[in-house]
Amino acid sequence: MLNLKVEEILNAQINKEFYSAYLYLAMSGYFDGIGLKGFSNWTKVQAQEEMDHGMILFNYILERDGNIDLKPIEAPVKDFHSPLQVFEMILEHEKSVTSSIESVANLSEDECDRATRHFIDWYISEQVEEEAQVLDVLKMIKMFGNECTILYHIDKELAERKYKAHDYEE
Ligand code: OFO
């Protein structure tokens with residue numbers, strides 16, 4: 001049986017993961033609209049991964065005989081102006097998700113819920129990976145992004161990203 005405080009924070013985290021998916025989808029739409037199909041692909045793949053993150057939490061709550069409590073998903077922001085501005089926004093967003101994952105880890109420790117503490121480690125590693133990926137793109141854009149030909153090459157590189165279902169690994 002899942003501790004009620006832990007159950008609540010895990011349900012809140014589901015909401016954050018699906019909000020993330022919404023946010024990335026909004027970005028994907030923006031990039032498609034300005035002709036950057038590779039950027040659009042990258043953010044769309046990220047949206048799919050975020051839905052996996054939400055589903056893994058959903059399945060975990062059920063596995064622990066907890067209750068699912070889904071809240072409305074906020075509409076994503078949509079004031080996007082350039083690849084640089086969007087990727088800066090992504091980095092800030094992911095940092096805030098990292099800190100909410102850390103709150104889950106801290107609470108599960110405080111509540112002596114070892115199973116959740118162990119489970120959430122996967123998300124901690126995932127956040128390290130995500131922030132690193134975003135930083136790589138951000139650095140490329142900062143370095144070369146103002147030159148159209150280079151932006152075109154970055155776009156081609158981001159078009160290569162493929163969605164692979166994210167499975168929770170012990
Ligand atoms: Fe789910 O990792 Fe990004 O937000």
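The values are calculated or read from the model by the stated rules, or taken from the named source; none is laboratory data. Just so it is clear, the structure is predicted and the values come from calculations on it, not from any experiment. When we count neighbours, we look across all protein chains shown, and the Cβ atoms used for this are built from the backbone with ideal geometry, even at glycine. For the accessible areas, the whole protein counts, side chains as well, though only heavy atoms, and no ligand, DNA or RNA atoms are used. Shrake-Rupley method; radii C 1.70, N 1.55, O 1.52, S 1.80 Å.
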Point to revise | Set ALA132, ALA159: member being of a type outside the set (Val, Ile, Thr), more than 15 Å from the ligand (Cβ to nearest atom) and within 25 Å of SER40 (Cα to Cα) | key: ALA159
Exercise for review: Those residues that are open to solvent by 80 Å² or more (accessible area, probe 1.4 Å) and not in a loop (DSSP other than H, G, I, E, B), I need them from the stretch 64-99; list them, please.
Suggested key: GLU92, LYS95
Practice item. Under 6 Å between Cβ atoms, at least 6 apart or on separate chains: pull out the pairs that start in the stretch 147-170 with a residue that is without any contact (Cβ under 8 Å) to a residue 24 or more places away in the chain and end on any residue that is in a helix (DSSP H, G or I). Key: ILE150/PHE144
Practice item. Could you tell me whether any residue of the stretch 62-76 is closer than 24 Å to MET143 by Cα and under 15 Å from the mean Cα position of the chain (by Cα)? Key: no
Study note, to complete from the structure: Of (1) in contact with a Ser or Thr (Cβ under 9 Å, 6 or more places away or on another chain); (2) in contact (Cβ under 8 Å) with a residue 24 or more places away in the chain; (3) crowded, with 19+ Cβ neighbours inside 10 Å, SER28 fails just (2)
Review point. Yes or no: SER103 in contact (Cβ under 8 Å) with a residue 12 or more places away in the chain, in a helix (DSSP H, G or I) and either open to solvent by 60 Å² or more (accessible area, probe 1.4 Å) or more than 24 Å from LEU158 (Cα to Cα) (or both)?
Key: yes
Exercise for review: Give the number of residues within the stretch 4-56 that are within 16 Å of the ligand (Cβ to nearest atom) and part of a loop (DSSP other than H, G, I, E, B).
Suggested key: 0
Review point. For the stretch 114-169, how many residues meet the condition of being open to solvent by 30 Å² or more (accessible area, probe 1.4 Å), assigned to a loop (DSSP other than H, G, I, E, B) and not hydrophobic (A, V, I, L, M, F, W, C)?
Key: 11
